[in-house]
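Q: Sharing a structure below in structure tokens format, with a few things to ask.
The values are calculated or read from the model by the stated rules, or taken from the named source; none is laboratory data. Owing to the predicted nature of the structure, the values given are computational and were not obtained by experimental measurement. Glycine gets a Cβ as well: all are built from the backbone with ideal geometry, and neighbour counts include every protein chain shown. All accessible areas refer to the heavy atoms of the entire protein, side chains included, with ligands and DNA or RNA removed. Shrake-Rupley method; radii C 1.70, N 1.55, O 1.52, S 1.80 Å.
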Amino acid sequence: MASLQSSSVIGSLAYSSGRCRRGMTRAAINMPKLRTAAAGGLSLRLPARDLVQEVLDMGIGLSPATTSHVEKKYLSRTVSNVSDPMVIAKLHEIMEAVADRVEMHKNIGEQRDNWNSLLLTSINAITLTAATMAGIAATNVGGPLMALKFSSTLMYLAATGMLVVMNKIQPSQLVEEQRNAARLFKQLHCQIQTTLSSGNPTSSDVEEAMEKVLALDKAYPLPLIGVMLEKFPKTVEPAVWWPQHRQNQEGRSYGNGWSVELEEEMREIVGVLKRKDTEDYLRLGKIALKVNKILSISGPLLTGMAACGTAFVGSSHAPWATIVGVVAGAMASVVNMMEHGGQVGMVFEMYRNNAGFFRLMEETIESNLNERDVGRRENGELFEMKVALQLGRSLSGLKNLAASSSKKGEAIEEFASKLF
């Protein structure tokens, strides 16, 4: 009996060990290799050198400087892998506020788009109805004449007042502001998510995120009264939605993916952006602003003239009064359709924001070049790739643009951006 029990025990042990071996085999196939730590436990984190080496083995082709930069950042995260919970909590609070602002700007943008459509339709309907009534009044005498003339004059005056308000706030431009604000707040939300997921956030990350939120709030205000952006500025300037960059002017060295050639290339790119892209969009913005000013003045002026004309319908000046009342009203509808149907204010805001995008690129590149401590700069190779992507160019195309700019100088005809 004892021999039978012992044999059964041995068989069960053998069976269980076989299952363990098969399970370990499956785990070895599906799970990455684990390295035994010095204390005898298992470490679930690969060393930085092995991680970088695996990236290099995949054929990505990072240079030694970039590899050192990636390894240094990885080691700094592994050494202090416990983040301050208060910093993480603050970043989560900022993320919630940013997400709320995205929804607010999106909803208010839809509301103001409805304003543009409804006001445009209503004002044109009132104006054309008033013009029709003025024409009918010219063919009548007595009681119907007075009623039609009085009604037409009131409708023209109402259209004039509505046009003055509409031209002052420029609903299409307001929509473009909210659209840009929602996009930029979404971009900031993604940046904070990346900070939380890919590194060890610090109090400086919290301050930077707060500064960006406040800068966006200032650049794209939600209220209309008191803080609304000037729709007809005296000078056209690029939109600014970012805080000022800080630079450290001490010391001088190279490394972190940066070289003399790369700095010269970035300086040439900044020169092209200033001379061509930013300047061109500011020029287009001035044209759009001038057209918008002319249309904004012409619409209420024409409806006011039409109101004066209809007031004299039926008098000794009836022919001229009728012509002014009808023709001016029809022209006012055309002008209103060109301004708000064509969304000239939105076009001006789009040009202003495009100029702001290039101004931001200029300041970002210059802030990196002015930062004497290259260890505090963005990695040179990664930064070059980011600039190329933002301009819609390949790395070779970016180098060719810099070389062409260094040869031709201000005579270069090519724009830096190929996106817009």
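Q: Cys308 fails exactly one of the following numbered conditions: (1) farther than 19 Å from Met133 by Cβ; (2) more than 31 Å from the chain's Cα centre (by Cα); (3) modelled with pLDDT under 95. What is the number of that condition?
A: (1)
Q: A follow-up question, please. Scan region 96-111 for residues that are over 17 Å from the mean Cα position of the chain (by Cα) and not charged (D, E, K, R) and jot them down.
A: Passing the criteria: Ala97, Gln111.
Q: In region 338-357, is there at least one residue being surrounded by fewer than 19 Cβ atoms within 10 Å (Cβ to Cβ), more than 29 Å from the chain's Cα centre (by Cα) and either in a loop (DSSP other than H, G, I, E, B) or not basic (Lys, Arg) (or both)?
A: First pass over region 338-357, keeping only residues surrounded by fewer than 19 Cβ atoms within 10 Å (Cβ to Cβ): 338, 341-342.
After this cut, where a residue has to be more than 29 Å from the chain's Cα centre (by Cα) as well, the list is none.
No, the conditions are met nowhere in region 338-357.
Q: Something else now. Tally the residues that are open to solvent by 30 Å² or more (accessible area, probe 1.4 Å) and in contact (Cβ under 8 Å) with a residue 60 or more places away in the chain, restricting the search to region 136-145. Explain how you work it out, then say what you get.
A: Just the residues of region 136-145 that are open to solvent by 30 Å² or more (accessible area, probe 1.4 Å), to begin with: 136, 138-144.
Now narrow it down to the ones that are in contact (Cβ under 8 Å) with a residue 60 or more places away in the chain: 138, 141.
Total satisfying the criteria: 2.
Q: Is it true that Val52 is surrounded by 15 or more Cβ atoms within 10 Å (Cβ to Cβ) and either modelled with pLDDT under 50 or touching a Phe, Trp or Tyr at 6+ places or on another chain (Cβ under 9 Å) (or both)?
A: yes
Q: For Thr194, which of the numbered conditions (1) part of a helix (DSSP H, G or I); (2) more than 30 Å from Gly109 (Cβ to Cβ) fails to hold?
A: (2)
Q: Which members of region 318-343 meet the condition of being under 22 Å from Phe232 (Cβ atoms), in contact (Cβ under 8 Å) with a residue 40 or more places away in the chain and of a type outside the set (A, V, I, L, M)?
A: Asn336, Glu339, His340, Gly341, Gln343
Q: Continuing with the same structure: Testing Glu366 on (1) open to solvent by less than 20 Å² (accessible area, probe 1.4 Å); (2) modelled with pLDDT of 90 or more, one condition comes back false. Which one is that?
A: Evaluating Glu366 over (1) open to solvent by less than 20 Å² (accessible area, probe 1.4 Å); (2) modelled with pLDDT of 90 or more leaves (1) as the failure.
Q: State all residues of region 121-150 that are assigned to a loop (DSSP other than H, G, I, E, B) and either among the polar types (S, T, N, Q) or touching a strand residue (DSSP E or B) at 6+ places or on another chain (Cβ under 8 Å) (or both); if no residue qualifies, say none.
A: Thr139, Asn140
Q: Within the bounds of region 300-309, is there any residue that is among the hydroxyl-bearing types (Ser, Thr, Tyr), part of a helix (DSSP H, G or I) and farther than 30 Å from Pro144 by Cβ? Steps first, answer last, please.
A: Pass one, region 300-309, residues among the hydroxyl-bearing types (Ser, Thr, Tyr): 303.
Then keep just the ones that are part of a helix (DSSP H, G or I); that gives 303.
Adding the requirement that they be farther than 30 Å from Pro144 by Cβ leaves none.
There is no residue in region 300-309 that is among the hydroxyl-bearing types (Ser, Thr, Tyr), part of a helix (DSSP H, G or I) and farther than 30 Å from Pro144 by Cβ.
Q: Looking at Ala403, Ala332, which is the one that is exposed (fewer than 15 other Cβ atoms within 10 Å of the Cβ) and farther than 26 Å from Gln244 by Cα?
A: Answer to the selection: Ala403.
Q: Give the residue that is surrounded by the most Cβ atoms within 10 Å (Cβ to Cβ), with candidates limited to residues of region 214-246 that are closer than 23 Å to Lys274 by Cα and of a type in the set (Val, Ile, Thr).
A: Val236
Q: Sticking with this one: Please go through region 358-379 and pick out each residue that is part of a helix (DSSP H, G or I), within 13 Å of Gly257 (Cα to Cα) and out of contact with any Lys or Arg (no Cβ under 6 Å at 6 or more places or on another chain).
A: Across region 358-379, the qualifying residues are Leu369, Val374, Gly375, Arg376.
Q: Checking the conditions here, which among Ser315, Ser367 is of a type in the set (Ser, Thr, Tyr) and in contact (Cβ under 8 Å) with a residue 60 or more places away in the chain?
A: From the options Ser315, Ser367, the qualifying one is Ser367.
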